[in-house]
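Trainee: I'd like to ask some things about the structure below.
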Ligand code: NAP
């Protein structure tokens, strides 16, 4: 099997990477960082986001697996002690996968150009110091005018990240949906937004049109870019593409949620 290993910059992750590469090659797998079949990320969820974006153009051809060298992650859910088991599965070519939905972003600029991006966790649209004002349309129909700090549109697997900090719901990745959460919306007798996080199904999209001509920040996963006044609209929908994660053993999503946010062991 062709594999690539990416690692966080720390010494432990780097050391594990070397050990893993060596062991996989000894078991007949081939290191191929250009066209791998499996990409193993060592570090945390942030490292997995980087691995995902490094192989974005091949997203449907690769399988991702994450080993955590810090606390348990959502994408990095293998412990370094389990590496032997992982190596065995890869050597046996015994790779079962699970697919997660992705967020597709289409940005239209005033000059007619467009840009398409994919996110594993989310995108956010945030003002710097002025209030962000934007019109939201869902499935082509005007929904509301948002005024506030910003908006977050997340995938189900990203729902435990930024979205959670904004009070969004945790969504099981088997649901093909995107979630819209608000950041500090202004709500009074004059201005009104829905206030609640909203889940859109696969066949619905949300179009966000900035109303006031301010520079704002667009983030997607770990990337951030300053978007200038020439953005006409940002359309978000569930992508037709999916990302594949290796599932060598059962580790149910709700168990990961519990172990990450509540308690390690049942008392
Ligand atoms: P970072 O600021 O260094 O780390 C953000 C934290 O989010 C890390 O602890 C990371 O876990 C965790 N994380 C990433 N994806 C997650 C997921 N799907 N579920 C649960 N936790 C997750 O940035 P980064 O490592 O480059 O990651 C970028 C992500 O940071 C963004 O996609 C966004 O979701 C998140 N973020 C969150 C907030 C917030 O909660 N207020 C603000 C900005 C950005 P690891 O430690 O395992 O890497």
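The values are calculated or read from the model by the stated rules, or taken from the named source; none is laboratory data. Just so you know, these numbers come straight off a predicted model, no measurement behind them. Note that each Cβ is placed from the backbone with ideal geometry, even for glycine, and that neighbours are counted across all protein chains shown.
Trainee: Determine if segment 26-36 includes at least one residue that is more than 10 Å from the ligand (Cβ to nearest atom), assigned to a helix (DSSP H, G or I) and more than 17 Å from residue 120 (Cβ to Cβ). Working first, answer last.
Mentor: So in segment 26-36, the residues more than 10 Å from the ligand (Cβ to nearest atom) come out as 26-36.
Right, trim to assigned to a helix (DSSP H, G or I) and you get 26.
From what is left, the residues that are more than 17 Å from residue 120 (Cβ to Cβ) are 26.
Yes.
Trainee: Residues that are more than 16 Å from the ligand (Cβ to nearest atom) and at pLDDT 95 or above: list the strands (runs of 3 or more DSSP E) wholly contained in segment 155-267 that include at least 2 such residues. Break it down stepwise before answering.
Mentor: On the way: elements: 177-185, 198-201, 206-210, 216-220, 223-227, 231-246.
Where strands (runs of 3 or more DSSP E) fall fully within segment 155-267 and carry at least 2 residues being more than 16 Å from the ligand (Cβ to nearest atom) and at pLDDT 95 or above, they are 198-201, 206-210, 231-246.
Trainee: Being touching a residue at least 24 places away in the same chain (Cβ under 8 Å) and more than 16 Å from the ligand (Cβ to nearest atom) is true for just one of 100, 109. Which residue is that?
Mentor: 109
Trainee: Among the residues that make up segment 179-202, is at least one of them surrounded by 14 or more Cβ atoms within 10 Å (Cβ to Cβ), in contact with a helix residue (DSSP H, G or I) (Cβ under 7 Å, 6 or more places away or on another chain), free of Cβ contacts under 8 Å to residues at least 60 places away in the same chain and under 30 Å from residue 58 (Cβ atoms)?
Mentor: Within segment 179-202, one or more residues are surrounded by 14 or more Cβ atoms within 10 Å (Cβ to Cβ), in contact with a helix residue (DSSP H, G or I) (Cβ under 7 Å, 6 or more places away or on another chain), free of Cβ contacts under 8 Å to residues at least 60 places away in the same chain and under 30 Å from residue 58 (Cβ atoms).
Trainee: Hey, can you tell me all the residues within segment 37-47 that are in a loop (DSSP other than H, G, I, E, B) and within 7 Å of the ligand (Cβ to nearest atom)?
Mentor: Answer for segment 37-47, where residues must be in a loop (DSSP other than H, G, I, E, B) and within 7 Å of the ligand (Cβ to nearest atom): just 44.
Trainee: For residue 55, only one of the following conditions fails: (1) within 12 Å of the ligand (Cβ to nearest atom); (2) closer than 14 Å to residue 245 by Cα. What is its number?
Mentor: (1)
Trainee: While we're here: Conditions first: (1) touching a helix residue (DSSP H, G or I) at 6+ places or on another chain (Cβ under 9 Å); (2) surrounded by fewer than 13 Cβ atoms within 10 Å (Cβ to Cβ). Residue 240 passes all but one, so which condition is the exception?
Mentor: The one condition residue 240 does not meet is (1).
Trainee: I've got another one for you. In segment 25-44, how many are in contact with a strand residue (DSSP E or B) (Cβ under 7 Å, 6 or more places away or on another chain) and surrounded by fewer than 13 Cβ atoms within 10 Å (Cβ to Cβ)?
Mentor: Of all residues in segment 25-44, those in contact with a strand residue (DSSP E or B) (Cβ under 7 Å, 6 or more places away or on another chain) come to 25, 29-33, 35-44.
Narrowing the set further to residues that are surrounded by fewer than 13 Cβ atoms within 10 Å (Cβ to Cβ) leaves 25, 30, 35.
Final tally of qualifying residues: 3.
Trainee: Shifting gears a bit: Give segment 117-154 a look and list any residue that's surrounded by 23 or more Cβ atoms within 10 Å (Cβ to Cβ) and not in a strand (DSSP E or B), or say none.
Mentor: Result: 120, 121.
Trainee: Which residue, of 257, 206, is surrounded by 14 or more Cβ atoms within 10 Å (Cβ to Cβ), under 20 Å from residue 75 (Cβ atoms) and out of contact with any helix residue (DSSP H, G or I) (no Cβ under 6 Å at 6 or more places or on another chain)?
Mentor: Just a single option satisfies the conditions, and that option is 257.
Trainee: Got a number for residues in segment 12-33 being more than 20 Å from residue 84 (Cα to Cα) and over 22 Å from the mean Cα position of the chain (by Cα)?
Mentor: 1
Trainee: Another one. Output the number of the condition that residue 114 fails; it satisfies all remaining conditions of (1) more than 30 Å from residue 25 (Cα to Cα); (2) crowded, with 16+ Cβ neighbours inside 10 Å.
Mentor: Unmet for residue 114, out of (1) more than 30 Å from residue 25 (Cα to Cα); (2) crowded, with 16+ Cβ neighbours inside 10 Å: (2).
Trainee: Only one residue in 50, 88 is part of a helix (DSSP H, G or I) and within 15 Å of the chain's Cα centre (by Cα), so which one is that?
Mentor: On the way: 88 fails: within 15 Å of the chain's Cα centre (by Cα).
After ruling out the rest, the residue left standing is 50.
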